[in-house]
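Just so it is clear, none of the values below were taken in a lab; they were calculated from the coordinates. Note that this is a predicted model, so its numbers are computed, not measured. Note that we place each Cβ from the backbone using ideal geometry, even for glycine, and neighbour counts take in every protein chain shown.
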Amino acid sequence: MPDFMVGDKAYEVDEDGFLQQPDLWNKEVAEAMAKTEGVEELTEDHWKVVNFLRDYYVEYQVAPMIRKLCKSTGFKLNKIYELFPSGPAKGACKIAGLPKPTGCV
Amino acid sequence: MTEKRQTPKLDELTKGPWPSFVTEMKKVQDNPMVNDLLGQLERSYNEKIGHWKHGGIVGVMGYGGGVIGRYNDLPDDFPECNEFHTIRVNQPAGWFYDSKTIRKICDIWEKRGSGLTNFHGSTGDMVLLGTRTKELEPLFSDLTSIDFDLGGSGSDVRTPSCCNGKARCEWACYDTMKICHEVTMHFQDELHRPAFPYKWKFKFSGCANDCVASIARSDCAVIGTWKDEIKIDQKALQEHYVNGGGVDIARDVVNRCPSRCMSWDGTKLEIANEDCVKCMHCINVLHKALRPGDERGAAILIGGKAPIIGGALLAFTLIPFIDIENSLEDIYEVVEEIWDLWGEYGKNRERIGEFIQRIGLGNFLEQVGLEPAPEMISHPRTNPYIFFELDGEE
């Protein structure tokens, strides 16, 4: 498995770049990963999404459904895509250090 | 180039008179991606185990769907197809292309991916098989430069598809290609940005022959129908079928009518139109003498699905008749109402048909604001199911 480097620290990620050990997540990892997902700087709005995802994951061990994310943050889906151009699953969940969401293709 | 991989087991699939995907792939085995792909499949046949990992999340900026991530679990043995993502491309309505357009797509795909395609996937999209993550953005940009766009994948509106309707078929009761295109354009956000409990498919058929199998394979099937009487040309009937021969009208038409609404005395065909269920059988058989009526539109059916999770369901009638070409806004309104309800209360990976079964049709109709109608029962005329509400009793 490849490693994702933050400074001189290596984090194990899967082929899509998701953290293999979500417990190792921290703000520095989030900021570094954001750059790989087309987000130059994490603003307050970004953090609102990331923190919600993180809290939800810690509580339920699963990513929330997208509708739940929109309702809880008050952001419409289009706004989420403005914040995270690669989308809530690939972008926001990765930055929030969640394991790769599974779903049907 | 590296050596061509030997594939004795796969080669068995090239024998016989039928088309073979192996034969097609071998034609381009010089391509290293295809060579490794063949090798990987041969290995799977030997080991009786698939070597694709489950899922992968890749995509292009701004979209949540359209690209399906694929990785193998043998990157050292088959490095050329270690990343082998699938691209869905929204097909033109009715699958009409000129060869120049297909050539452009193939040129782009040979440059950006494996060159292997599947025309078309069962949802209807063009499927481009096998590319690497780094090629996704350039590929997307190449496709949009020739006016193509990605299709749906994941829990979103899947690429709508339609029969080729009025372009080729005299029975089309509405312009399926036009409506399919308009619905596709209207729901672009929902197509590219998955937000539902699960997939949602629209399919448009011009008549009950249902050439795109919308009733069996789509959550929302729009099937052409008519309101008035079947048109009978008694003279043509005599000329082509009685004197012309070949059709036993009593046996092949009248006795096969599902609602038994026809009679034939040897010279004159009569239809009790109030009992006709517009199945198209008599029109198909006596196509030179019978035609659908003039007051044409569509029925909207809901809840069909193939048996991936849970069993297969056929769609049932939600709106028995609508002048669809002049009422698209009404359809959008109903569909959005349904999405709101399903999005709020649907379970993860629960199709709308399963959702309606779970909450009950009565509750569903009440929530989306539709009145129950006799056509909504799954087997009209044979089902004693009725609606009543205790609260409404006097």
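Points worth noting:
- Distance between the C-alpha centres of segment B:126-197 and segment A:1-54: 32 Å, rounded to the whole angstrom.
- Cβ-based exposure ranking for B:Met177, B:Met185, in which fewest neighbours within 10 Å come first: B:Met185, B:Met177
- Ranked list, fewest to most other Cβ atoms within 10 Å of each Cβ, for B:Arg251, B:Arg43, B:Arg70, B:Arg256: B:Arg251, B:Arg256, B:Arg43, B:Arg70
- Couplings for segment B:73-88, taken from phi via the Karplus curve 6.51 cos²θ - 1.76 cosθ + 1.60 with θ = phi - 60°, read 9, 10, x, 6, 7, 10, x, 6, 10, 4, 9, 8, 6, 9, 10, 9 Hz in order; Gly and Pro are left as x.
- Exceedance of the 26 Å cut-off in Cα-Cα distance is limited, within the set A:Lys48/A:Lys100; B:Lys9/B:Lys199; B:Lys104/B:Lys134; A:Lys90/B:Lys26; A:Lys35/A:Lys100; A:Lys35/A:Lys76, to B:Lys9/B:Lys199; A:Lys90/B:Lys26.
- Shielding of B:292-305 by partner chains, average beta-carbon count, 10 Å: 0
- Proxy reagent accessibility, fewest Cβ within 10 Å first, across B:Cys220, B:Cys163: B:Cys220, B:Cys163
- Ordering B:Ile322, B:Phe119, B:Leu41 by Cα displacement along the dipole of chain B toward the positive end leaves B:Leu41 in first place; charges were set at the Cβ atoms of Lys, Arg (+1) and Asp, Glu (-1).
- Compactness of segment B:8-145, taken as the C-alpha radius of gyration over 2.2 N^0.38 Å, stands at 1.08.
- Cross-link partners of B:Lys268 among lysines (Cα-Cα below 24 Å; sequence separation of 8 or more within a chain): B:Lys227, B:Lys231, B:Lys235, B:Lys278, B:Lys288
- For the protein assembly as shown, fraction of C-alpha pairs farther apart than 45 Å, in %: 25
- Cα pair distances of chain A binned at 10 Å [whole percent]: 15, 52, 29, 3
- Assigned charges on the beta-carbon of Lys, Arg, Asp, Glu; the protein assembly as shown dipole about Cα centre (debye): 1460
- Cβ-based net charge around B:Gly293, under 10 Å, with every Lys or Arg adding one and every Asp or Glu removing one: +1
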